[in-house]
1. Which residues, taken from the range 60-74, are touching a helix residue (DSSP H, G or I) at 6+ places or on another chain (Cβ under 7 Å), over 30 Å from Lys133 (Cα atoms) and assigned to a loop (DSSP other than H, G, I, E, B)?
2. Return the total of residues in the range 51-81 being closer than 21 Å to Asp151 by Cβ and either touching a Lys or Arg at 6+ places or on another chain (Cβ under 6 Å) or of a type in the set (S, T, N, Q) (or both).
3. Is it the case, given these coordinates, that Asp167 is without any contact (Cβ under 8 Å) to a residue 40 or more places away in the chain and not aromatic (Phe, Trp, Tyr)?
4. Can you name the residue in the range 2-53 that is modelled with pLDDT of 95 or more and basic (Lys, Arg) and is also surrounded by the most Cβ atoms within 10 Å (Cβ to Cβ) among such residues?
5. Which of the numbered conditions does Val85 fail, given that it passes all the others? Conditions: (1) surrounded by 23 or more Cβ atoms within 10 Å (Cβ to Cβ); (2) closer than 13 Å to Glu117 by Cα; (3) in contact (Cβ under 8 Å) with a residue 60 or more places away in the chain.
6. Which condition number in (1) touching a residue at least 12 places away in the same chain (Cβ under 8 Å); (2) of a type in the set (Lys, Arg); (3) in the same structural domain as Glu117 (by TED's automatic domain parsing); (4) over 16 Å from Val155 (Cα atoms) is the one that Arg46 fails?
7. Leu202 - would you say it is modelled with pLDDT of 95 or more, farther than 30 Å from Ser26 by Cβ, surrounded by 15 or more Cβ atoms within 10 Å (Cβ to Cβ) and not acidic (Asp, Glu)?
8. Would you be able to tell me the number of residues in the range 86-116 that are touching a Lys or Arg at 6+ places or on another chain (Cβ under 7 Å) and farther than 23 Å from Thr57 by Cα?
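The values are calculated or read from the model by the stated rules, or taken from the named source; none is laboratory data. In this text the structure is predicted, and so the values were computed from the model without any measurement. A quick note on method: Cβ atoms are made from the backbone with ideal geometry, for glycine too, and the neighbour counts reach across all protein chains shown.
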Amino acid sequence: AFQRPYGSYVMENVLFKISFPAEFHSQTAVEAAMTLHGQLAANGRRVEDIAKITIRTHEAAIRIIDKKGPLNNPADRDHCIQYMVAVPLIFGRLTAADYEDAIAQDPRIDALRAKIECVEDPQYTKDYHDPEKRSIANALTIEFSDGTKLDEVAVEYPIGHKRRRADGIPLLVEKFRTNLARRFPVKQQQAILNVSLDQATLEAMPVNEYVDLYVI
């Protein structure tokens, strides 16, 4: 039996990958790491001062992206939650270029990876499977060599999640504009945007006519 009758659930719950080029189970961990990067700086701390990082997470993240040992290429690195947390903690960013060898060779990354431990939170796992939530939660706690720690930073839903549409849609539109600008002349970009950002116009337009807007 199906979980629910046919409807629009799937489209309404689409996950958009907006903020970071990272495997989805790590998106909230990366966001938390970005927050902690700022807190490290504000407290006059460096990543070298870190003794341990605990990631409270859901079972799927542990099964899919909790990866130890050598990472041989970008495909390895973008499926390693430790790597995807270490980079923003060190650099305050995570871009596609950060998975390449030039960045991966920085010894601070593997040193920090070795200090990161994933621990399953049963409630996070339950909420991950709950069709009314579908959360993809991660929470990070940093402990320093002197025994002090920063308060845990928890992020339950990634910015591309249904529950964060108010945050996500403006960024998604910005990403759309950026990618259009990489390929299309200005006049054609605007024609595509005029239709795409007006729901009534878009819904009234035959699919073939909309697709034709993208022909160069």
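1. Leu71
2. 4
3. Numbers: without any contact (Cβ under 8 Å) to a residue 40 or more places away in the chain: yes; not aromatic (Phe, Trp, Tyr): yes.
Answer is yes for this residue.
4. Restricting to residues being modelled with pLDDT of 95 or more and basic (Lys, Arg), the top hit is Arg45.
5. All conditions are met except number (3).
6. Going through the list (1) touching a residue at least 12 places away in the same chain (Cβ under 8 Å); (2) of a type in the set (Lys, Arg); (3) in the same structural domain as Glu117 (by TED's automatic domain parsing); (4) over 16 Å from Val155 (Cα atoms), Arg46 breaks only (1).
7. Numbers: modelled with pLDDT of 95 or more: yes; farther than 30 Å from Ser26 by Cβ: yes; surrounded by 15 or more Cβ atoms within 10 Å (Cβ to Cβ): no; not acidic (Asp, Glu): yes.
No, not satisfied.
8. The initial filter retains those residues of the range 86-116 that are touching a Lys or Arg at 6+ places or on another chain (Cβ under 7 Å), namely 86, 90, 99, 104, 115.
Keeping just the survivors that are farther than 23 Å from Thr57 by Cα gives 104.
Residues flagged as touching a Lys or Arg at 6+ places or on another chain (Cβ under 7 Å) and farther than 23 Å from Thr57 by Cα within the range 86-116 amount to 1.
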